[in-house]
Amino acid sequence: TLTHLWTMASGRQATPPPAAEGPELPQQPPQQGPSTTTEKLPPPLLPVVMEGPPPSEYAPMERSLKAFMEKEVPIESPEELRKRERVMSELKRVFQQWVRDVAVKKGLSEEMARAAGGKVYTSGSYRLRVHEPGADIDSVCVAPKHCERSDFFSSLKETMLKHEDVENLRAIETAAVPIVTFDMRGVNVDMLFAALPFNGVPETTDIDDDTILRSADPSTEKSLNGPRVTNLIYKLVQHNYEPFLAVLRVTRIWAKRRGIYSNKHGYLGGVNFNILVGIVCQLFPKATPAFLLEKFFELFARWNWETTPAMLCRPVVHNDIGNFPVWGQTHLMNRTQQLQFKRNNVMPIVTPAYPAMNSAANVNAWTFDILRGEFERAHAICQDIIAQHKKYAAKSVFPWPKLAKSWGKLVEPTDFFANYDSYLAVRVVGPRESSSSSTTGGGGNGNGNGNDDDDKGEGQAKDTAAAAKTTTTTKTHDHLTADLVQDD
């Protein structure tokens, strides 16, 4: 029943998207307004498959899935959520005071310093409300032009080091996406920096407006990409947001327990699952979680990745906003570049915000086979669960504890460590802590969006932060090694 999707979507990457016109650079950043409403959203790339709700046979599955999630899919308590909110409130206060202090130090008037503002944005799992207990917060500090990146890694870093609630601070200025990571009141925070070419960054600043990137440097573009991608994903699925959250929570647990939740190891991370689950919610806009979960595994077990990238909307090109490469512009590449593009797009999962990029560029032929096998396994298990529910429905008797438990097979930990006789563990050790820190600037998931994942839309910055935390673990559920730094 989904075969027509391949015809509808195939060949999209070969057609260059039209260039969009943009206004001249304004004197202040774009403000929140009509451009942030759903009226301005790009249309979904794929057609709706089913307009109405799912068949009635899925109703019992919804009940058993909910019972399973209450036991196996943890969510944070209200107290912990409030603690996170207090941490972000304190971070905002410290950052805005720092912006004012830098302004005064550089000779700006007191009035201009007060108007300089500064904003702190969040992205990834925390922004979408799908984070597990103990997960970190991905944040981006956006400052006006008088605050430079060197200030961020000097005076703001020193301010944070002196803060009584901050521990374990580490700054990695040489990373592809420079980052500061620390613990505040027991909550881990990954903090990126973006500087806009304006005198002030007021509360009404709209970073979702593409013109915000005009005159932005590459590091600022990558830092802003995290919240921009997260915000657009939310807007594209808000019509069915609660089912989206439920399915996303289950797929994250599934991927982590099956050992395929890691961008830097060639699998999938947070932003990848955000996009894939969002696509299913677009195809079935009124569907419920159990139905969406089964279709999620069916769809991507059969997805034709060679011809059909996974995209929530068609990428847009702005010829007058920076010089940022947009995914899929193969007509601008020479033969060598086209071959490289093909090698880096085994499983293209394209971010929706400008500039679009493949968030799964680290997936290779070997990890792709594992991912495909896991999707097929999960779909087969979902078919068994459906059959069980139908059997009891025919008897009009539902053993709810047993049916809830049936979902557990879906997230059983991988049996990787039972499949082989011998394993090779690789441990990299430096003579000093500074030596190991200096190796964390490379890698990443290749999407350059400053996201994790866990989670920032999930790329190099998160991988850098994970490496910076350096938690050596034995018997991970990764398919490649038994001694690696773990993801969030």
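Side notes on the structure shown:
- Qualifying residue in region 329-341 (condition: touching a residue at least 24 places away in the same chain (Cβ under 8 Å) and surrounded by 13 or more Cβ atoms within 10 Å (Cβ to Cβ)): yes
- Failed item, numbered, when Asp183 is tested on (1) open to solvent by 10 Å² or more (accessible area, probe 1.4 Å); (2) at pLDDT below 95; (3) acidic (Asp, Glu): (2)
- Residue list for region 215-241, filter: touching a residue at least 24 places away in the same chain (Cβ under 8 Å) and either of a type in the set (D, E, K, R) or not in a helix (DSSP H, G or I) (or both): Ser215, Ala216, Glu221, Lys222, Arg228, Lys235
- Between Leu161, Leu213, Leu196, Leu192, the distinction of being surrounded by fewer than 17 Cβ atoms within 10 Å (Cβ to Cβ), hydrophobic (A, V, I, L, M, F, W, C) and under 24 Å from His146 (Cβ atoms) belongs to Leu161 only.
- Given (1) small (Gly, Ala, Ser); (2) within 29 Å of the chain's Cα centre (by Cα); (3) over 20 Å from Ile207 (Cβ atoms); (4) open to solvent by less than 30 Å² (accessible area, probe 1.4 Å), index of the condition Gly118 fails: (3)
- Any hit, region 366-387, residues being open to solvent by 50 Å² or more (accessible area, probe 1.4 Å) and touching a Ser or Thr at 6+ places or on another chain (Cβ under 9 Å): yes
- So Ala59, is it in a helix (DSSP H, G or I), surrounded by 18 or more Cβ atoms within 10 Å (Cβ to Cβ) and more than 22 Å from the chain's Cα centre (by Cα): no
- Taking first residues from region 375-402 that are touching a residue at least 12 places away in the same chain (Cβ under 8 Å) and partners that are assigned to a helix (DSSP H, G or I) and open to solvent by 40 Å² or more (accessible area, probe 1.4 Å), the Cβ contacts under 6 Å between residues at least 6 apart in sequence or on separate chains come to Ile381/Lys409.
- Scanning region 292-313 for residues that are modelled with pLDDT under 95 and among the acidic types (Asp, Glu) turns up just one, Glu306.
- Looking only at region 107-126, and only at residues there that are of a type outside the set (Ser, Thr, Tyr) and in contact with an Asp or Glu (Cβ under 9 Å, 6 or more places away or on another chain), the one that is modelled with the highest pLDDT: Lys119
The values are calculated or read from the model by the stated rules, or taken from the named source; none is laboratory data. This one's a predicted model, so the numbers in the text were calculated from it and none came from an experiment. Reconstructed Cβ throughout: ideal geometry from the backbone, glycine too, with neighbour counts over all protein chains shown. Heads up: the accessible areas ignore ligands, DNA and RNA and are worked out on the full protein's heavy atoms, side chains in. Shrake-Rupley method; radii C 1.70, N 1.55, O 1.52, S 1.80 Å.
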